[in-house]
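The structure appears right after this line, and notes come after that.
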Amino acid sequence: KNKKIKNKLKFLFIGQKFYGKGGPICFAIAKELNKRKIDFKFKFVSRDVPKNYTIPKNVQVIDSNISEDNKYDLYNWAHLFLFPVVQDSFGVYLECIETRTPIISTNIYDKSDIIIDNKMGRMIDTPFQLYDFKKFGTQWKNWEEFNQCFINEFKKGLFNNLINEFTNSIEFYLMETEKYQKTVKNIESIALEQFHPQIRNNTLLSIYKNL
């Protein structure tokens, strides 16, 4: 599907583990967008949103299972995939590439090897993540302790800069629609370079010849 930004921005999030995948950060981004009077629709697909959690204006929570066909319909509907994840994840990055959906994500682990910053979306450093070498096994030893640490740090404002960087990146794509279109085209061309079978075969052949 041809992705073009006109007036209303369309965002997508898909993920379980509300805190680990950055759900509160997503909602804070939505609140900031509302403050800036940016017109948007945010489809937030998760069955893990806590009960009685305040849902910001313009956010639609989809708390049911979705089929593969419906999932790809959502990707094709969205202008941007928002993913301020603080634990590891992998599949959504490949699905964004497959559907040419620019992603704004935290730059954790090896994700910058998959998504090239400023060419296929944005990769933004996070001040907090699950497998922090200094904190994993000391400040938290299990998932429940990690969730509580996340909640405490979120309340203290640790993620405020991250929220602003996400929001500013969204606003940039809204203002610079040609840059957005170029990003969409970049995803397709870079994916062909990285994953096309013939390029892989040529690389293997070159390695074989040099043995």
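The values are calculated or read from the model by the stated rules, or taken from the named source; none is laboratory data. Here the structure is a predicted model, which means the values were calculated and not measured. With ligands, DNA and RNA removed, areas are computed over all heavy atoms of the protein, side chains included. Shrake-Rupley method; radii C 1.70, N 1.55, O 1.52, S 1.80 Å.
A few comments on the model shown:
- Rounded accessible area per residue of the chain, 1.4 Å, Å²: 55
- Whole-Å distance, taken between Cα centres, linking region 16-32 and region 124-190: 9
- Of Lys51/Lys156; Lys43/Lys141; Lys37/Lys119; Lys71/Lys155; Lys17/Lys156, pairs whose Cα-Cα distance is over 29 Å: Lys43/Lys141; Lys71/Lys155
- Accessible surface of region 83-132, 1.4 Å probe, proportion on carbon and sulfur as whole %: 43
- 10 °C / 1.306 mPa s Stokes-Einstein diffusion coefficient of region 58-104, Kirkwood radius on C-alpha pairs, µm²/s: 136
- Dimensions of the chain based on its C-alpha atoms, expressed as ranges along the principal axes with the largest first, amount to 59, 46, 33 Å.
- Most mobile listed residue (Asn58, Asn168, Asn152) in the chain, GNM with C-alpha springs under 10 Å: Asn152
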